[in-house]
Structure formats: C-alpha cells, structure tokens
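Each remark here refers to the structure printed beneath this line.
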Amino acid sequence: NAGVTQTPKFQVLKTGQSMTLQCAQDMNHEYMSWYRQDPGMGLRLIHYSVGAGITDQGEVPNGYNVSRSTTEDFPLRLLSAAPSQTSVYFCASSRLETANYGYTFGSGTRLTVV
Amino acid sequence: AQTVTQSQPEMSVQEAETVTLSCTYDTSESDYYLFWYKQPPSRQMILVIRQEAYKQQNATENRFSVNFQKAAKSFSLKISDSQLGDAAMYFCAYRYSGGGADGLTFGKGTHLIIQP
C-alpha cells in the first residue's frame, strides 16, 4: 500500500517555465488537496477536490491550476513559475467520511524557482 | 475565518523531561476538530493526536497528551519523557467538522529541540 505518492521530490525551475507536480493515492480517497509550506508560515491550502471532476480553490490558489480526471490522481500545475512559488508542496488525502480523523500526507516536493 | 496561533517558534527540553507546546485558535464554530502534526527532518507530516471539540476529555496517545480548553480556545500538547526522536517541527491544526471539503488550517509551527 503506497499511500500518497508525490513526484518529483525536488525540482528547480527557471522563472516563466511551467511544470506539473504529481500526486497519486491508492486508498480510494475522495478528498485530495494541495498545500504549500513556506518558512515561518505553516501549511496553506492551495486547491482541493472532493472527487473526480470537482475542484475548488483554497487560501492561496493564484498561479496554480488543478484538475481531477480520476479518483487516484490530483496534479498541480504551475503555468508560469515565479520565485514567489519557491516552496515545499504537500499533497494530502482522506475519505470524506473520515476527514475529521486527519489526512494522509505525501512526502512533499521541494520546488525552487530561480 | 479561523486562525491558529503557535506563539513559541522554538522550544528546547532535556531528554526525559516534559515539555508543553502552546496553541490557540479562533473560530465562531462550536463543532470542530483539532490536531497536532509532527514534521521531522524527513519532511513527512505525521499525525500525533486529535481532539474532538464536543469531547471534554483530553486526548492521550502514549507519551503525548493535550490540554483542551474550549472556552479559552486553547489546545496545548504535552510530551512526557521526551526522546531524541521527538525532535521535529510541531504544527497545530484546526478543521471545521461541518464542511465536508474544508481543509486544515495550520499554525506556523514550533521547532522542538531535544537536548541529550
């Protein structure tokens, strides 16, 4: 049971480049979400999804796009990377009915935009 | 909107001693959940303990316990018999139970150092 898998673990981008951070879970979780972690800021919600075809914005959605075509995958797209998007990104998931018991987190992607 | 405040950016404790990490939150809701997550240098987010707001009894998980004061909106974490493996960032988090898709609201974290 792999849990929540994020790829890549590390990435360096140049300003203006685009890329997709991948997130996959094999637990049949309806709820998936993306957070960013900045020094001294805790984790902040970017986007979330409650099922295939359904996505919504979190606290800091600007500069990011998401889609959810399958239950298993929830990719995060940076269309034109900016230095302000340098951060550690976490994907988290849960069953909707057990969300109050906490989420399962991936191991994170450290992204540096130069 | 709800907020979570951790007022201690860093705490240090001797191995085998007890340490308490503070967390306060602000919400207008009455039904919610509170969590403490541990983030070791590996970066993995690990759930330490959770508390339902409707329960008066404080949650306990082995050496970890909480002091939940609903009226004061306070949710502190006590770690007894501190071990070197407890060294990590600790995040307090809040989740409104009525919103099925709502995410977690995190505090800024407390860096816990264990002195051998």
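The values are calculated or read from the model by the stated rules, or taken from the named source; none is laboratory data. Since the structure is predicted, the reported quantities are computational estimates derived from the model, not experimental observations. We place every Cβ from the backbone using ideal geometry, glycine too, and count neighbours over all the protein chains shown. Note: accessible area is taken over every heavy atom of the protein model, side chains too, but ligands, DNA and RNA are not part of it. Shrake-Rupley method; radii C 1.70, N 1.55, O 1.52, S 1.80 Å.
Only a single criterion out of (1) over 22 Å from B:W36 (Cβ atoms); (2) among the hydrophobic types (A, V, I, L, M, F, W, C); (3) surrounded by 21 or more Cβ atoms within 10 Å (Cβ to Cβ) is not satisfied by A:W34, namely (1).
Can you tell me how many residues within segment A:83-113 are farther than 18 Å from A:G42 by Cα, away from chain B (no Cβ under 13 Å) and open to solvent by less than 30 Å² (accessible area, probe 1.4 Å)? Here the count works out to 1.
Against the conditions (1) among the charged types (D, E, K, R); (2) more than 27 Å from A:G106 (Cβ to Cβ); (3) within 14 Å of chain A (Cβ to nearest Cβ), B:K108 satisfies every one except (2). Restricting segment A:39-80 to residues that are part of a loop (DSSP other than H, G, I, E, B), touching a residue at least 24 places away in the same chain (Cβ under 8 Å) and open to solvent by less than 50 Å² (accessible area, probe 1.4 Å) leaves a set whose member that is nearest to the other protein chains (Cβ to nearest Cβ) is A:G58. Output the residue which, of all residues in segment A:8-31 that are in contact with a Gly (Cβ under 9 Å, 6 or more places away or on another chain) and in contact (Cβ under 8 Å) with a residue 60 or more places away in the chain, is farthest from A:L79 (Cα to Cα). Checked segment A:8-31; the qualifying residue farthest from A:L79 (Cα to Cα) is A:M27. For segment B:42-94, the tally of residues that are farther than 22 Å from A:A99 by Cα and in a loop (DSSP other than H, G, I, E, B) stands at 10.
Screening B:G103 against (1) outside any loop (DSSP other than H, G, I, E, B); (2) under 25 Å from A:Q6 (Cα atoms) leaves a single unmet condition, (1).
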